[in-house]
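> This structure is in structure tokens; I'll ask about it shortly.
Read-outs throughout are calculated quantities, based only on the coordinates presented, and are distinct from any laboratory measurement. From a predicted model like this one, the values you see are computed outputs, not experimental measurements. Note: ideal-geometry Cβ built from the backbone for every residue, glycine included; neighbour counts use all protein chains shown.
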Ligand SMILES: Nc1nc2c(c(=O)[nH]1)N[C@H]1C(S)=C(S)[C@@H](COP(=O)(O)OP(=O)(O)OC[C@H]3O[C@@H](n4cnc5c(=O)[nH]c(N)nc54)[C@H](O)[C@@H]3O)O[C@H]1N2
Ligand SMILES: Nc1nc2c(c(=O)[nH]1)N[C@H]1C(S)=C(S)[C@@H](COP(=O)(O)OP(=O)(O)OC[C@H]3O[C@@H](n4cnc5c(=O)[nH]c(N)nc54)[C@H](O)[C@@H]3O)O[C@H]1N2
Ligand SMILES: [Mo]
């Protein structure tokens, strides 16, 4: 961006008059400093602020085939997409297309579908509330609930786990609660890389006397050593150890650990009987289920020492206010929903919800993934939600549920999809089973991507493909009525405005709401809504949201408050639980089977410090000591020695699921502090190993952290070839 623009831009991140950081969904403190962003937020902003270099001329000169040979890192570095382009069935290059022609092509493909359910509309979690709301209104007016989104691969297990037990599929803490917590459990999450601003909240909590328990197969750096950027400025250079206790659980061993912690709380009589009697049901059955699990099973499955579990148990039993934070380390497992419900059991038994300094904190990924769901990006909406939406929109909407991500891929494989429209994201690389998904996408008639940067989903397409380039979060958005702002919801249910101030890198970019409105107008005309009028002034969209969503009363007014407003959250606000009985639910779950055969390993796929999901900023993972490579496989040194393998040796990975095998070569071994029998590799490189049908019960989330595999010596293989 250049130094002056960089400083100007970064000073607008997460400020009241500025734009919401596109990095993650962690909330902003009420009293903000001039620099309210982190290293990785700065990377996300700088990445978006690149010049537009992917011009129609560039695309004419570089065939899709030639682009496909580039790495994800190279593709991203090509810069912003400058103009709408079209790939015809006969052509090997994208050609310029006008916005009007693009919308006409999309409208005729949609109107040619023999049934609206033959169109699928994906969303990635950066989309603003206004764009997402208008988009789902169009999709439902068109006649389907086929609204899969990245959440299906992300926190769906949290939504389901919490919804069934506490009556709301969201967290129940605010940032302020961190200042009043006694104990904070950080389980299955790597905040140092993925939510760096959360470390500030943890540091402050610690300064206020909180103790932190970190449950993770890896000793993630942010929690074991932490230097706050602002402490650098104050000259306080010592590193803080944020976590008081690290429990190096085996992959998938959390369910066993949580049973142990529940047993210890029962033994210590650390239960809030009054809360249990008045506000919950199912406690005795849950307690019996925990008692019936033996310590042998707990130690075997968790891979932990009894002494360490006892220490954690004591910290929890003594705690007057406990917060549990988690992310993908819990959700992307076969028992993702159940294990989150064990976290609920653990906190609920001592009344740690709706109390100052206590509650549930699923830490969301994409900056507006939570808001998108709130405003209707939901393939399986509840009847109550649909009733309200129908009244607000004023037309009949379909009631039968649509496809989530995995079902959408299955439908494409079965030739049941004619049009696949993606509002952002990188569907091909983010989804499991890359080779299978590629085949599925190639079955589709027309694929459309609304995007900022080139990615692999532009190179593996339907028979025809269109790319519609859009404005980013950081950019000025001017519509007929003047300059617009949008709104987003952070991980803690606070809704606030976001306004880009940068000049867009090309005159041919359009806002997401404008794109939706034009597509809707071209497809449906004005029979349902006056789409173009709505997009001419986003206040019109927000007025429609006021009528169609609960909790959005006076939206236009309240969203303009400097810090926005908090959506209603009954468990947090008043310890009320909107379950069928009005009581919070304790649940019973058998221990999952986490044994694998001799010679088999369990692989988890995770993020490096230099990527944002499928966008690769660089080839280093500084905190884990990796430089210049991404095809690395982290392995326990003893497991390597046992096989006579050395550091940086090449191996091939084969994953096994229901008798099928998937194979991937050329992985560099890196000895690492990881439990024996466990492996780790980066997403998205390892996605070809994740079986499409290996998903979590209830949430259908791909099990990206539980891939059973075997390894073979890669060099031997290449000699055979
Ligand atoms: N810079 C940056 N920020 C991001 C993102 C990014 O790619 N880059 N992505 C955003 C998105 S969409 C999301 S969802 C979040 C993701 O944030 P995280 O969930 O923190 O991301 P992952 O890298 O998937 O890390 C999962 C963590 O869980 C641990 N883990 C894996 N399996 C298990 C297990 O069985 N038990 C336990 N206890 N731990 C386990 C891993 O060791 C790792 O530390 O980050 C968001 N923020
Ligand atoms: N194996 C494995 N797979 C995983 C995961 C894992 O941990 N392991 N994590 C899963 C998770 S948690 C998630 S959330 C998904 C992520 O899935 P997605 O959300 O689909 O993927 P992203 O990589 O975040 O999408 C990046 C693309 O979004 C586009 N983009 C960026 N900004 C904007 C914008 O403002 N507007 C529009 N329209 N487009 C924009 C750019 O073109 C960019 O290439 O991946 C999932 N897949
Ligand atoms: Mo995510």
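> Determine the principal axes of the Cα atoms in region 156-362, then give the extent along each, sorted from largest to smallest and rounded to whole angstroms.
54, 35, 33
> For residue 399 and residue 595, calculate 0.36 nm times their separation in residues minus their Cα-Cα distance, and state this gained length in nm to one decimal. Each step should come with its number before you reach the end.
Values: separation 196, 0.36 × 196 = 70.56 nm, distance 4.13 nm.
That works out to 66.4 nm of additional length.
> Normalise the Debye intensity by I(0) for region 74-187, one equal point scatterer per Cα, no solvent, then take log10 at q = 0.11, 0.13, 0.20 Å⁻¹ and round to two decimals.
Log10 of I(q)/I(0), two decimals: -0.64, -0.82, -1.33.
> Among 713, 117, 593, which comes first, second and so on when ranked by fewest other beta-carbon atoms within 10 Å? Write down the numbers at each step before the final one.
Numbers: 713 15, 117 18, 593 10.
Fewest to most other Cβ atoms nearby, the residues stand as 593, 713, 117.
> By counting other Cβ atoms within 10 Å of each Cβ, how are 530, 477 ranked from fewest to most? Mind showing how you got there, number by number?
Details: 530 14, 477 25.
Ordered from fewest to most neighbouring Cβ atoms within 10 Å, 530, 477 come out as 530, 477.
> For 73, 617, 538, what's the fewest-to-most ordering of other Cβ within 10 Å of each Cβ?
Values: 73 15, 617 18, 538 25.
The fewest-first ordering by Cβ neighbours comes to 73, 617, 538.
> Rg and Dmax of the chain, using alpha carbons, in Å: what are they?
Cα only, the chain: 24.8, 72 Å (Rg, Dmax).
> If you don't mind, another one. For region 359-430 and region 259-334, write down the distance between their C-alpha centroids in whole Å.
Computed from Cα coordinates, the inter-centre distance equals 34 Å.
> Extension gain residue 387-residue 62, at 0.36 nm per residue separation less the Cα-Cα distance, in nm? Working shown, then result.
On the way: separation 325, 0.36 × 325 = 117.00 nm, distance 4.92 nm.
Extra length available between residue 387 and residue 62 comes to 112.1 nm.
> Report the gain in length on full extension from residue 668 to residue 311: 0.36 nm times residue separation, minus Cα-Cα distance, nm rounded to one decimal. Working shown, then result.
On the way: separation 357, 0.36 × 357 = 128.52 nm, distance 3.68 nm.
Contour length minus Cα-Cα distance gives 124.8 nm.
> Give the separation of the Cα centroids, region 86-107 to region 551-586, in Å.
The distance from the Cα centre of region 86-107 to that of region 551-586 comes to 44 Å.
> Order these peptides, 278-289, 343-354, 313-324, by their mean beta-carbon neighbour count within 10 angstrom, highest first. The partial results should precede the final answer.
Numbers: 278-289: 17.2, 343-354: 24.3, 313-324: 20.7.
Final packing ranking: 343-354, 313-324, 278-289.
> What FRET efficiency would be calculated for the residue pair residue 108, residue 70, taking the C-beta separation as r and a Förster radius of 25 Å, to the nearest 0.05? Intermediate values should be presented prior to the final figure.
Details: r = 32 Å, r/R0 = 1.30.
Once rounded, the FRET efficiency stands at 0.15.
> Hey, another quick one. Taking the Cα-to-Cβ direction at residue 270 and at residue 53 and moving 7 Å from each Cα, how far apart do the two end points lie in nm?
About 5.4 nm, to one decimal.
> Could I ask something else about it? Just report the Cα centroid separation between region 617-660 and region 194-218, whole Å.
Their Cα centres are 28 Å away from one another.
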